[in-house]
1. Going residue by residue through region 159-177, is there one that turns out to be touching a helix residue (DSSP H, G or I) at 6+ places or on another chain (Cβ under 7 Å), surrounded by fewer than 16 Cβ atoms within 10 Å (Cβ to Cβ), under 17 Å from SER100 (Cβ atoms) and modelled with pLDDT of 95 or more?
2. Quick check on LEU118: is it touching a Phe, Trp or Tyr at 6+ places or on another chain (Cβ under 7 Å), at pLDDT below 95 and aliphatic (A, V, I, L, M)?
3. GLY245 versus (1) farther than 27 Å from ARG25 by Cβ; (2) modelled with pLDDT under 95: which is the lone unmet condition?
4. How many of the residues making up region 76-107 are of a type in the set (Phe, Trp, Tyr) and closer than 20 Å to LEU6 by Cα?
5. Give the residue that is farthest from the chain's Cα centre (by Cα), with candidates limited to residues of region 34-66 that are among the β-branched types (Val, Ile, Thr) and farther than 14 Å from ILE77 by Cβ.
6. Scan region 133-141 and give yes if some residue there is touching a Gly at 6+ places or on another chain (Cβ under 7 Å), within 21 Å of PRO4 (Cβ to Cβ) and of a type in the set (Val, Ile, Thr), otherwise no.
7. When you scan region 3-32, how many residues do you find that are among the aliphatic types (A, V, I, L, M), touching a residue at least 60 places away in the same chain (Cβ under 8 Å), out of contact with any Asp or Glu (no Cβ under 8 Å at 6 or more places or on another chain) and surrounded by fewer than 24 Cβ atoms within 10 Å (Cβ to Cβ)?
8. If you scan region 86-111, which residues turn out to be among the basic types (Lys, Arg) and modelled with pLDDT under 90?
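The values are calculated or read from the model by the stated rules, or taken from the named source; none is laboratory data. Since this is a predicted model, take the numbers as computed values, not measurements. Here Cβ is always computed from backbone atoms with ideal geometry, including for glycine, and neighbour counts include all displayed protein chains.
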Amino acid sequence: MLIPGLQGRWEWMRPAVEALAKHNRVVSFSLCDERTSRFPCTPSKGFTNYIDQLAAVLDRAGLASAAIAGVSYGGLIATEFAARYPERVTALVLASALHSGWRPDQRQQRYLRSPRLLSPLFVARAPGRMRPEVAAALPGLGAQLWFMATHSVRVAMAPTTPARMARRIEWASTHHFADPRRIAAPALVMTGERSLDRIVPVEITERYMAELQSAERVVLERTGHIGLVTRPDRFADILGRFVDGDRIPA
């Protein structure tokens, strides 16, 4: 079960879904407040919408339990679900995940207050944020250009909404999270390299290591925040081995 990040669209993760599907059954979805989602969303329920949605996704897929992987913002959803429904989680994977203790800095707060107004600036800066990571993951110029082109098409075909992204941060900041220390399922905490993740600092994701009972830690080398799409086969190999019970070298 692969949960998308703050943008809310599973399509942004398509390379990872396809790589995982070579050896595993993969279920993914867009968050329920996306217009393309077929799941109900009640704004007054806030972040709880996503917990209820995940339970419904499992039911529709005919799964009593599954390995749950949360990417970035999706890590908050995965962890909260695992804490509240431990019997439905066989393994927990947190990939460059936000932690419930994270709070936006001053620059991010300005964006959250005026998401529509500042979204052109956010989009304009995106290539600069991605370029070092793409260069590290894909050394050849041709491969870099091909990735940027195909990823841009995925984003354009599954557009996100700045106002929804801002609302998701607000919902998480006001939600009362369950204690993650009650999670007994095997857990894998995955990040990119410290110098390459310019979205969620690695130390934010590492906070889970002090809370989860049986957590392993692994770095997806030569990546930052989007390693699941720049190096999807390596991402899928690590997840597959972990779910199969193999110990992952740090």
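1. For region 159-177, residues touching a helix residue (DSSP H, G or I) at 6+ places or on another chain (Cβ under 7 Å), surrounded by fewer than 16 Cβ atoms within 10 Å (Cβ to Cβ), under 17 Å from SER100 (Cβ atoms) and modelled with pLDDT of 95 or more: present.
2. Considered against the rule, which asks whether it is touching a Phe, Trp or Tyr at 6+ places or on another chain (Cβ under 7 Å), at pLDDT below 95 and aliphatic (A, V, I, L, M), LEU118 comes out as yes.
3. GLY245 satisfies all of (1) farther than 27 Å from ARG25 by Cβ; (2) modelled with pLDDT under 95 except (1).
4. Narrowing region 76-107 to residues of a type in the set (Phe, Trp, Tyr): 81, 85, 102.
Checking which are closer than 20 Å to LEU6 by Cα leaves us with 81, 102.
Result for region 76-107: 2.
5. Result: THR42.
6. Checked against the condition, which is being touching a Gly at 6+ places or on another chain (Cβ under 7 Å), within 21 Å of PRO4 (Cβ to Cβ) and of a type in the set (Val, Ile, Thr), region 133-141 yields no hits at all.
7. First, pick out the residues of region 3-32 that are among the aliphatic types (A, V, I, L, M): 3, 6, 13, 16-17, 19-21, 26-27, 31.
Filter once more, so that each one left must be touching a residue at least 60 places away in the same chain (Cβ under 8 Å): 3, 6, 13, 16, 19-20, 31.
Among the residues that remain, those that are also out of contact with any Asp or Glu (no Cβ under 8 Å at 6 or more places or on another chain) are: 3, 6, 13, 16, 20, 31.
With the extra rule that they be surrounded by fewer than 24 Cβ atoms within 10 Å (Cβ to Cβ), the set shrinks to 6.
Residues in region 3-32 being among the aliphatic types (A, V, I, L, M), touching a residue at least 60 places away in the same chain (Cβ under 8 Å), out of contact with any Asp or Glu (no Cβ under 8 Å at 6 or more places or on another chain) and surrounded by fewer than 24 Cβ atoms within 10 Å (Cβ to Cβ): 1 in total.
8. From region 86-111, those among the basic types (Lys, Arg) are 88, 103, 107, 110; that's our starting set.
The answer is ARG103, ARG107, ARG110.
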